[in-house]
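The values are calculated or read from the model by the stated rules, or taken from the named source; none is laboratory data. The model shown is predicted, which means the values in this text are computed figures rather than measured ones. Using ideal geometry, Cβ is built from the backbone for each residue, glycine included, and neighbour counts are taken over all protein chains shown. Surface areas here come from the heavy atoms of the whole protein model, side chains and all, with no ligands, DNA or RNA. Shrake-Rupley method; radii C 1.70, N 1.55, O 1.52, S 1.80 Å.
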Amino acid sequence: QVQLVESGGGLVQSGGSLRLSCVVSGSVSRLHAMGWYRQAPGKQRELVADISSAGGTNYIDSVKGRFTISRNNANNTVYLQMNNLKPEDTGTYYCNAPLGIKYTWGKGTQVTVSS
């Protein structure tokens, strides 16, 4: 079984930065494509960024130029560097596979951006 543990969230002012981490552990021989999702209050969970096993990345338009997803295959960790944060970035952030069968969701990490 695979475990996903997200961390790095917090309360920041608009324009601030945070770096999220996701450690993938358990029955995984190597890190495949991964993504970062967020769920704002009262809204559905959405995929905001993903990274392939080769390092190719994709972002939704609203975070392009502000967020950077990266990975360290040596320690099975995926990162999300978030700069110039906006109040609309507020939500619980989760990592998981971007396509196909998902791992069991972790608890996520809360990001709150104040105006």
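From the protein chains alone at 1.4 Å, what is the descending order of accessible area for Ser21, Ser27, largest first?
Working: Ser21 25, Ser27 90 Å².
The ranking, largest first, comes out as Ser27, Ser21.
Can you sort Lys86, Lys43 by 1.4 Å-probe accessible area, starting with the largest?
Details: Lys86 75, Lys43 135 Å².
From most exposed to least exposed: Lys43, Lys86.
At q = 0.12 Å⁻¹, what log₁₀ I(q)/I(0) does a Debye calculation on the Cα points of the chain give, no solvent, two decimals?
-0.37
If one computes the Cα centroid of region 45-101 and of region 7-40, what distance in Å separates the two points?
What the calculation gives is 7 Å, centre to centre.
What is the dipole size for the chain, taken about its Cα centre, with +1 at each Lys and Arg Cβ and -1 at each Asp and Glu Cβ, in debye to the nearest 20?
100
On average, how much accessible surface per residue is there in the chain, in Å², for a 1.4 Å probe, leaving out ligands, DNA and RNA?
Working: 6000 Å² over 115 residues.
Ligands and nucleic acids excluded, the result is 52 Å² per residue.
Once neighbouring chains are kept in place and the probe is 1.4 Å, which whole percent of the accessible area of the chain is contributed by carbon and sulfur? Don't skip to the answer; put the middle values down first.
Details: 2920 of 6000 Å².
The C+S portion of the solvent-accessible surface of the chain is 49 percent.
How much of the DSSP beta bridge set in the chain is antiparallel, as a percent to the nearest 5? Present the calculation step by step, with values, prior to reporting the outcome.
Details: 34 of 38 bridges.
Here the antiparallel bridges make up roughly 90 percent for the chain.
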